[in-house]
Amino acid sequence: MSTRTPPSSCSSSAARSAIGGPVVGTAMDVEGQHTPQQVIAGLRATSEGEDLVQLLNPEGQRVSHPRFDLEISPAELRSLYRDMVLVRRSDREAKALQRQGELGLWAPLLGQEAAQIGAGRAMAPQDMAFPSYREHGIAWCRGVDPTELFGIFRGIDQGSWDPLSTGLQLYTIVIANQCLHATGYAMGQRLDGRIGDAETGEATICFFGDGATSQGDVHEGFVWAAVYDAPVVFFCQNNQWAISASLDRQTRVPLYQRARGYGFPGIRVDGNDVLATLAATRWALRECRTGNGPVLIEACTYRMDAHTTSDDPTRYQLATELEEWKLKDPLERVRVHLVREGLAEPEFFDGLAAEADELALRLRDYCISMPAPGPERIFSKVYAESSPLLDAAREDYLAYHASFTDAGSAPGSAH
Amino acid sequence: MAATAAPQTITLAKGLNQGLRAAMEADPKVIVMGEDVGRLGGVFRVTDGLQKDFGERRVFDTPLGESGIIGTAVGLAVRGYRPVCEIQFDAFVFPAFDQIVSQLAKMHYRSQGRLRMPVVVRIPHGGGIGAVEHHSESPESYFAHTPGLKVLACANPVDAYWMIQQAIACDDPVIFFEPKRRYWDKAPLDLATAPPPLFSSRVLRTGTTATVVAYGPMVRTVLDAATVAEQDGQTLEVIDLRTLSPLDLAPVFDSVRRTGRLICVSEAPGEVSLSSEVAARVSQECFYSLEAPVLRVTGFDTPYPPAKCEEDYVPDLDRVLDAVDRALAY
Amino acid sequence: MARIFALPDVGEGLTEAEILSWRVAPGDTVTVNQIIVEIETAKAAVELPSPYAGVVSELFAEPGATVAVGTPIIAIDDPLSAAAGSEPAPAGTIGEEGPSGRITTLVGYGPQASTVTRRPRKAGPTASPAAARAPLPQAKPPVRRLAKELGIDLRTVPGSGAGGVVTREDVQRAAHPVGNGTVTGAGITGSAAVGSAAVGSGTGQRREPIRGVRRATAAAVVSSAFTAPHVTVFLTVDVTPMMELRDRLVAQPRFRDVKLTPLAFAARALCLAARRTPEVNASWDEATGEIVYFDYVHLGIAAATPRGLVVPKIRNADRMSLRELAIAVDELAASAREGRTALGDMLGGTVTITNIGVFGVDTGTPILNPGESAILALGAIRDMPWVHDGAVVARKVCQLALSVDHRVVDGQQASQFLVAIATLLTDPAQAITF
C-alpha cells in the first residue's frame, strides 16, 4: 500500500506524490483510518518544520525565531496564562451545561486557547474581529463576557453583544461567509483613510478553520483582499478536522502556502504557543495598519474535543492522535515555564484556580436563569422599516397566542 | 434487496440508510458524496456503514464546499454516474444554489436531452430540534419554483425507504427533502407491500369535515391534530403531498369537492410557499365546491427565530385546529 | 430536597437514549459536573455530568433501558436547596414539574408526546366572518353556482348573511317565494302574523317553527317595510263605466273565451298611467347610489295559492293590449295555483298589483315588493251610494290604494299616478288620450 504523505509536510516529495493520485480511493485501509505513519508524519509536519513560528515549545522552554521575537514581562505572561485558564474553564462549564440540557449546543474550543488568546491580545481597540462560531477566546479578549455567548447556544438569541462597540462581529455559523465580510470591512477602513500609522491605524482580523478553506468565499475573500490591498489578517485555526474530514480532505498544500497563490504573505505558527501567535498576529496586524495587508496566518493546533456537542469523534479520530496532542497542551507549557523560571508563586495558581471556580459558578447560575424570549421576538426587527403585512401578522399572532387559557406558560402540545 | 418475512420497525434515518443501500446494490453507478458521509456515516447517521460496505470509491467525504459538491456531481453525471449528494443541513445549500439552479436544473433542457442529470440532492429540512441558526430552514420553495428540478419530501420511515430508491432511479435531478425532526420516528416496514408511484400524493386519513394538506415534518403534526379533532366529532381528511414538484393534486381536488374546505399546512414562511401554490390551484379547480376560503397555516414571514421561540413559529396542532375552526365558521 | 435530572436532548433533535452504565449509586455523594451516567444515542455514546451537588437518592432507569428525552433518570438530594427560601428555584429547572404539570425541559427537546391534546382556548366559538361591503352581491361559490343554475340574478336576492352575503337559503327562497296565507311580499300590515298563536287563557299553545318559506317571506317583508319609507294614498272610484264596458266586450267574439276581470282593467290602466309618471316604475339602488328607471313594465300580479302568496310577473305588460293582459293574468293565476309558475316569470318585476278585493275587503296599505317603488291594491267592487249626475244613486264603487317608496316617488307623483288610474277606470274612453 503506498503511503500518501499528508499535505502538511513542507517537503517537495509530498507534492509529487500528490499528483496523479485519484481524489477518491486513497491508500487508507478499509476502516478509513490513517495509517500510523501518516498520522505521525502529519503531526510532525504541523508542529515542526522550518516555516513554523514557535517561541515557547511544548516543554515550556523559550526558543528564539529569526523573524519573530517577543519581549514579554512576567506579568504579561501570567496574564496570558490567566486568560487561557479562564477561557478553558468557561468552555468546560459550557459543555457540562449542554450535557445537562441547559444549552442546546456548544462548540468547544478546547485545545485552541493559545491560538485565540494570542491573536485576541494582539488586537488593538480600533481593530475589528470577524469570528466564526468557536472564537470564545477572541470574545474574551474583546471584553465580551462568556455569558453573552450563551444566548446563541441556548436558543434565546442569535448574538446579543453590540458588534460595533465591542469590535467583535456576531458569530457566523455558515462556514466562511465572514471572510468576505471581513474583506469588505477592511476595504472600508482603507476607503476611510484609516490606514497608515503603525499605532493608530485600523486593521481587521478574520477567523476561520481549515475546513473553511475549501469554501469559495475564502478564495473570493483572498482575491478581493489582495486586489484591494485590504488591511485584513486571515487567521486560520487549523485544528486538523472539519467534523470528520481530516485536513487531507481539504488541501494538497500546507494552508499557509495558499497565500502566495493570491499574492500576499502567509505565516505558519504553532497555534498552541500563545507567544508565537501573539507575536505573529501583532506583526500581521501592524502590516495591515501600515497598508501592507492582507496577511494569512495558519495557526496549527488541534481540536481536542468534538466538533460540537452533537458530534462523536470516537467514530473517526485515532485515540493516539489525541494523546500525542495532549503532550502539546497550550496551557501546560506556559504553566511549566512560569514555574520553572520562577515567574509565578503558588498563590498565583491557587488564586487563579479559585477565580476559575467562581467564574464557572457564575456562568452556571446565569445560564440556568436565562429567561426565554416571548413570542414577539419572532417578529422583532426583521426590517429597519417594517412592512404593514408583517405588522398585521404579528398582531394576529399575538392575539392568537393570548387566546389560550394557559397563556403565559410554556407552549403546550405536541409537534 | 432481500425481502424479510416479518416487518421490521425502523427509524426514518434507518429507512433512508437501507434504501440507499438497496439502490447502491442495484446499480454500480450510484455513488454517495458529501461532507462527513463516509467515515462518520453522516451527522444523522443516514449513510452509516455505506463506506465500509461499498468502499471509498463509491462513498466518499468531500472537501467543505457545497458548490463543489453539486458542481462536481454535475460533471460526474455527465460522465455517466448517478451521484447522491448530501447537503448536511438545509441552509448550507445556498452556496450550491447557483450550481443547482443554473446547471443541474437546466442541463437536460439546454442539451435537448443529450445530457441527463440523474442526481439526487438530499437535504435535511425543517426545525424543531433546538438548533442554532441555519439548521432549521425550509427552503423547498426556491427549488419547487425552479423548472427542470423535481422536488420530493418524505414524511415517514416507509416513504423514506422507498422514495429514496425511486428518486435515485429517476433520470431527472431530484431535490430530496428529509424531515430532520422526524429522523427518529419509527414505523414498521413491510417489504412485501409495494410502494406507490414516486410523484404521487396520498390520502393518509379520510374524513368529511375538512381537507388538510401537508408535507414533510408537518404531516405528523396534522395527523395528531386529526386525532384530537376526532374527539370533538370532526373528521379531517389528511393528505401528504409527498411530491412538491410536480404536484399531484388530483386527490386534493377530489377531497375538496367532498369536504368543501381546505387547510394547507407547511413550515416554511407563508409568502410564496407551497401552501400558497396549492391554494391557488384548488381555488381554480374546485371553485364551485369551496364553502370557505382556502386557509394556510405556515411559518411566519420572518427569519427562523432563536430555538427558544421555535415552538411559537412552527405550526403546531393548535394552530392547525384553529384554522379548521375558522374554516368551519364560514 | 430531592432534585430531579431528566434526560436531555444531547444532540439536536434526539428523542431517546439507552442507559449504558451508571457511574454512581444511591448514597454516593456527587459534585456538580461529576460524570454520573453514560448513555448511547442514535449518534454517539455520551457521558452526562451531574447538574447538582448532593447525595444520590434514587436512580430511575436500569442499564439497557431506552429512555425518552425528558424522562427523569436520577434524583439527587441537594442539601443547599433544603434551606428554606434561600435559593430561589430558577425558572425552568430541568426535570422539575412546571405549573402545567409537565416536566420542564429546556433546550433540546421536550418529552415525546404520548398523549396528544389541544390547548384550551379562552374565547367562545369562532365568530362567523362578516363580509366587507362590496358593490356587487356577495355569495359563496357554491351559492353562485346554484343561483346560476336556477337562473336567478343575485342582484335581486336580498342577502340574509352577515354583511349582506346571499346564502343558499336566500337563493332557494328567491326561486320559490312561497309565503303564508295572507302575508305577502306585497303584504298587508297587521295581517295574519297575529295568527293562530294567540289563544284565550286557559288553553294550550301551538308552536310552529319559523322556517323555509315563511321565514323567507318574513325577511323580504321586513326588508322592504323597514328600508323603503312607505306612503299610501287612497282614492275611491266609481267603476260602473268600466263594468259596463266589460259587459259589452265579453259579448264580442274577440273576448268570448277571455276571462276579462277588473284586475285586467286595472293592469291596463296602470300601464297606461305609468307613462305619465315614470317614477312609479323605477327602483332605488342603494348600492350604486342610483334610481333605475325601467323602459318596460314587468307587472307583478299577487296571487294567492294553496301554498301561499306567489307574485308572478307579466313581462312587458306595457306592450300588451287589454285582451293580452287579461289572458296573461288568467294564465299566471292558474299556473300559480297549480304551482307551475316558470322561474323566469318570478323575477324582475318593476311594479305590482295586489287584488285584495277578492278577499272581500275594501282597501289596505300594501307593502312594496322589495326593489319596486309602487304597488296598487285593488279593493272589492261594491254597490255603494254615489253622487252621479247630481243625485245619490247606487253605483259600482271600488277603493284603490297606492303605496310608494317615498325616496323615489313623492306625494304629487303618487297622487297623479293614482288619479290617472282612477280616471281610466271611471272613464275608460280617456284611454284614447294616453
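The values are calculated or read from the model by the stated rules, or taken from the named source; none is laboratory data. Just so it is clear, the model here is predicted, and its values are computed rather than measured. Neighbour counts run over all protein chains shown; Cβ positions are idealised from the backbone, glycine included.
Some points to look at:
- A single member of B:Val238, B:Val219, B:Val228, B:Val212 is of a type in the set (A, V, I, L, M, F, W, C) and free of Cβ contacts under 8 Å to residues at least 40 places away in the same chain, and it is B:Val238.
- Of all residues in the range A:359-378 being more than 11 Å from A:Ser90 (Cβ to Cβ) and charged (D, E, K, R), the one that is nearest to the other protein chains (Cβ to nearest Cβ): A:Arg377
- Scanning the range B:11-59 for residues that are in contact with an Asp or Glu (Cβ under 9 Å, 6 or more places away or on another chain) and basic (Lys, Arg) yields a count of 4.
- Residue under evaluation C:Ala302, criteria (1) out of contact with any strand residue (DSSP E or B) (no Cβ under 7 Å at 6 or more places or on another chain); (2) closer than 24 Å to C:Asp330 by Cα; (3) not polar (S, T, N, Q), criterion not met: (1)
- Tally of residues being assigned to a helix (DSSP H, G or I) and either among the charged types (D, E, K, R) or at pLDDT 95 or above (or both) across the range A:41-94: 22
- Residue within the range B:283-304 that is among the acidic types (Asp, Glu), over 23 Å from B:Arg257 (Cα atoms) and in contact (Cβ under 8 Å) with a residue 60 or more places away in the chain present: no
- Scanning the range A:52-79 for residues that are surrounded by fewer than 22 Cβ atoms within 10 Å (Cβ to Cβ) and under 13 Å from A:Leu331 (Cβ atoms) returns A:Pro58, A:Gly60, A:Leu77, A:Arg78.
- Criterion: at pLDDT below 85, within 26 Å of C:Gly13 (Cβ to Cβ), within 14 Å of chain A (Cβ to nearest Cβ) and touching a helix residue (DSSP H, G or I) at 6+ places or on another chain (Cβ under 8 Å) - qualifying residue of C:Thr126, C:Thr115, C:Thr105, C:Thr93: C:Thr93
- Leading residue by the ranking (farthest from the other protein chains (Cβ to nearest Cβ)) among those in the range B:269-281 that are surrounded by fewer than 23 Cβ atoms within 10 Å (Cβ to Cβ) and not in a loop (DSSP other than H, G, I, E, B): B:Glu277
- Filter pass, B:Val121 being touching a Cys at 6+ places or on another chain (Cβ under 8 Å) and either at pLDDT 95 or above or among the small types (Gly, Ala, Ser) (or both): yes
- Positions within the range B:25-58 being crowded, with 22+ Cβ neighbours inside 10 Å and over 17 Å from B:Ile123 (Cβ atoms), in sequence order: B:Val30, B:Gly38, B:Arg39, B:Leu40, B:Gly41, B:Gln51
- The range C:11-25 - residue that is over 58 Å from the mean Cα position of the chain (by Cα) and surrounded by 14 or more Cβ atoms within 10 Å (Cβ to Cβ) and, of those, farthest from A:Ser310 (Cα to Cα): C:Val24
- Selection of the range A:49-102 for residues being within 14 Å of another protein chain (Cβ to nearest Cβ), within 23 Å of A:Cys141 (Cβ to Cβ) and touching a Ser or Thr at 6+ places or on another chain (Cβ under 8 Å) yields only A:Lys95.
Residues are listed down the side, and each one gets a yes or a no for (1) within 21 Å of A:Asp157 (Cα to Cα); (2) buried (at least 18 other Cβ atoms within 10 Å of the Cβ):
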residue	(1), (2)
A:Phe349	no, no
A:Met370	yes, yes
A:Pro375	yes, yes
A:Val382	yes, no
A:Pro388	no, no
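- Counted as qualifying within the range A:251-351 are the helices (runs of 4 or more DSSP H) with 1 or more residues that are among the basic types (Lys, Arg), within 24 Å of A:Pro74 (Cβ to Cβ) and out of contact with any strand residue (DSSP E or B) (no Cβ under 8 Å at 6 or more places or on another chain), namely A:274-289, A:330-340.
- Whichever residue in the range C:375-406 is among the β-branched types (Val, Ile, Thr) and under 33 Å from the mean Cα position of the chain (by Cα) and, among such residues, is farthest from C:Thr227 (Cα to Cα): C:Ile375
- Of A:Ile205, A:Ile243, all but one fail to be assigned by TED's automatic domain parsing to the domain that holds A:Arg134, in contact with a Gly (Cβ under 8 Å, 6 or more places away or on another chain) and among the β-branched types (Val, Ile, Thr); the exception is A:Ile243.
- Residues being within 14 Å of chain C (Cβ to nearest Cβ), surrounded by 23 or more Cβ atoms within 10 Å (Cβ to Cβ) and in a strand (DSSP E or B) are entirely absent from the range B:181-195.
- Test: residue in the range B:53-68 that is away from chain C (no Cβ under 14 Å), small (Gly, Ala, Ser), under 18 Å from B:Asp172 (Cβ atoms) and more than 17 Å from the chain's Cα centre (by Cα): no
- In the range A:121-177, counting only helices (runs of 4 or more DSSP H) that sit wholly within it, the ones holding 2 or more residues that are free of Cβ contacts under 8 Å to residues at least 40 places away in the same chain and in the same structural domain as A:Gly221 (by TED's automatic domain parsing) span A:147-154, A:163-166.
- Flag for A:Glu395 being modelled with pLDDT under 95 and either away from chain C (no Cβ under 14 Å) or part of a helix (DSSP H, G or I) (or both): no
- Complete set of residues in the range B:106-151 that are more than 20 Å from the chain's Cα centre (by Cα), away from chain C (no Cβ under 14 Å) and on the phi < 0 side of the Ramachandran plot: B:Lys106, B:Met107, B:His108, B:Tyr109, B:Arg110, B:Ser111, B:Arg114, B:Leu115, B:Arg116
- Residue that is within 15 Å of C:Asp9 (Cβ to Cβ), loosely packed, with under 14 Cβ neighbours inside 10 Å and either at pLDDT 75 or above or in contact with a Ser or Thr (Cβ under 6 Å, 6 or more places away or on another chain) (or both), where the choices are C:Thr66, C:Thr29, C:Thr41: C:Thr66
- Flag if A:Glu298 is acidic (Asp, Glu) and surrounded by fewer than 21 Cβ atoms within 10 Å (Cβ to Cβ): no
- Among the residues making up the range C:48-69, those that are over 60 Å from the mean Cα position of the chain (by Cα), in contact (Cβ under 8 Å) with a residue 24 or more places away in the chain and within 10 Å of chain A (Cβ to nearest Cβ) are C:Leu48, C:Ser50, C:Pro51, C:Tyr52.
- Of the residues making up the range B:296-315, those that are facing chain A (nearest Cβ under 8 Å), touching a Gly at 6+ places or on another chain (Cβ under 8 Å) and farther than 20 Å from A:Pro371 by Cβ are B:Phe300, B:Asp301, B:Val314.
- Any hit, the range B:76-92, residues being within 12 Å of chain A (Cβ to nearest Cβ), in contact with a helix residue (DSSP H, G or I) (Cβ under 6 Å, 6 or more places away or on another chain), buried (at least 18 other Cβ atoms within 10 Å of the Cβ) and among the small types (Gly, Ala, Ser): no
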